[in-house]
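Asker: Have a look at this one before I ask anything.
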Amino acid sequence: DTGVSQDPRHKITKRGQNVTFRCDPISEHNRLYWYRQTLGQGPEFLTYFQNEAQLEKSRLLSDRFSAERPKGSFSTLEIQRTEQGDSAMYLCASIKDGWANYGYTFGSGTRLTVV
Amino acid sequence: SQQGEEDPQALSIQEGENATMNCSYKTSINNLQWYRQNSGRGLVHLILIRSNEREKHSGRLRVTLDTSKKSSSLLITASRAADTASYFCATPYTDKLIFGTGTRLQVFP
């Protein structure tokens, strides 16, 4: 297992377009998290899944954002009608239940630029 | 809003010097974690300290925790140019991690 994978690494899109990002967690990790990070700031929590169930969504996650984790494996984060303020690094992390004391494993992120 | 605040926001030192960064948090915790982020990359877990621990070491890293002051510090000894990165503290809160604002460390050769 090579860790948490995110695709694409970079995405440039025009304002108003829809974009979708994918995250493949470590296979035995049942919890998957999405964070957003803007320049010079720490990551901000967006949402998380335990297996296929989406258990919490941040107020940052407007109705233009949707996340799924079908079958409790990979996850997708879709942003509809992108705005310039959506430009950020989108980070995915995973962890196994009961292993919170060992830290989260993060992917390398998807950097979104909305022009 | 983010849980933690880190100090300083930026730190520049020479190779071989020690780097100390501080983190303050707001609510009760059962552990505090430190992560490193190289420019444009994801975060890497460095070390975790539990609420009943006061100090923990891992290689050149030393972390302290003062729950009465709701603060933690990360010390990197004998720094190297490769330590150049942003460092974040994070605390668990209702099944998720809340991150601080980060300290950007620059180590000059």
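The values are calculated or read from the model by the stated rules, or taken from the named source; none is laboratory data. Because the structure is predicted, anything quoted here is derived from the model rather than measured. Positions of Cβ are generated from backbone atoms using ideal geometry, with glycine treated the same way; all protein chains shown enter the neighbour counts. Protein only, heavy atoms only, side chains kept; ligands, DNA and RNA dropped before computing areas. Shrake-Rupley method; radii C 1.70, N 1.55, O 1.52, S 1.80 Å.
Asker: Filter the stretch A:88-114 for residues that are crowded, with 17+ Cβ neighbours inside 10 Å and more than 11 Å from chain B (Cβ to nearest Cβ); which is farthest from B:Asn31 (Cα to Cα)?
Answerer: Restricting to residues being crowded, with 17+ Cβ neighbours inside 10 Å and more than 11 Å from chain B (Cβ to nearest Cβ), the top hit is A:Val114.
Asker: When you scan the stretch A:24-39, do you find a residue that is away from every other protein chain (no Cβ under 14 Å) and not hydrophobic (A, V, I, L, M, F, W, C), even just one?
Answerer: yes
Asker: Residue check, A:Val4 against (1) at pLDDT below 95; (2) within 19 Å of B:Gly40 (Cα to Cα), all met but one. Which one?
Answerer: So the condition that A:Val4 fails would be (1).
Asker: Now a separate question. Taking the stated definitions as given, is B:Val44 of a type in the set (A, V, I, L, M, F, W, C), touching a helix residue (DSSP H, G or I) at 6+ places or on another chain (Cβ under 6 Å) and either free of Cβ contacts under 8 Å to residues at least 24 places away in the same chain or in a strand (DSSP E or B) (or both)?
Answerer: Values: of a type in the set (A, V, I, L, M, F, W, C): yes; touching a helix residue (DSSP H, G or I) at 6+ places or on another chain (Cβ under 6 Å): no; either free of Cβ contacts under 8 Å to residues at least 24 places away in the same chain or in a strand (DSSP E or B) (or both): yes.
For B:Val44, the condition - of a type in the set (A, V, I, L, M, F, W, C), touching a helix residue (DSSP H, G or I) at 6+ places or on another chain (Cβ under 6 Å) and either free of Cβ contacts under 8 Å to residues at least 24 places away in the same chain or in a strand (DSSP E or B) (or both) - is not met.
Asker: Tell me the residue from A:Thr47, A:Thr76 that is within 11 Å of another protein chain (Cβ to nearest Cβ), in contact with a Lys or Arg (Cβ under 6 Å, 6 or more places away or on another chain) and part of a strand (DSSP E or B), please.
Answerer: Sole residue among the options that is within 11 Å of another protein chain (Cβ to nearest Cβ), in contact with a Lys or Arg (Cβ under 6 Å, 6 or more places away or on another chain) and part of a strand (DSSP E or B): A:Thr47.
Asker: Looking only at the stretch B:29-65, filter to residues that are out of contact with any strand residue (DSSP E or B) (no Cβ under 7 Å at 6 or more places or on another chain) and more than 14 Å from chain A (Cβ to nearest Cβ); which one of those is most open to solvent (accessible area, probe 1.4 Å)?
Answerer: That would be B:His57.
Asker: Any idea which residue in the stretch A:69-83 is farthest from A:Tyr35 (Cα to Cα), counting only those that are of a type in the set (S, T, N, Q) and open to solvent by less than 20 Å² (accessible area, probe 1.4 Å)?
Answerer: A:Thr82
Asker: Now a separate question. Going through the stretch B:1-22 one residue at a time, which ones are closer than 18 Å to B:Ser51 by Cα and at pLDDT 95 or above?
Answerer: Of everything in the stretch B:1-22, just one residue is closer than 18 Å to B:Ser51 by Cα and at pLDDT 95 or above, namely B:Asn22.
Asker: Continuing with this model, one more query. Only residues that are under 18 Å from B:Gly16 (Cα atoms) and of a type in the set (D, E, K, R): list them for the stretch B:51-109, please.
Answerer: If the condition is that a residue be under 18 Å from B:Gly16 (Cα atoms) and of a type in the set (D, E, K, R), then B:Arg60, B:Arg62, B:Arg80, B:Asp83, B:Arg104 are the ones that fit.
Asker: OK, next. Could you tell me which of the residues A:Ser108, A:Ser66, A:Ser94 is outside any strand (DSSP E or B) and within 14 Å of the chain's Cα centre (by Cα)?
Answerer: Answer to the check: A:Ser108.
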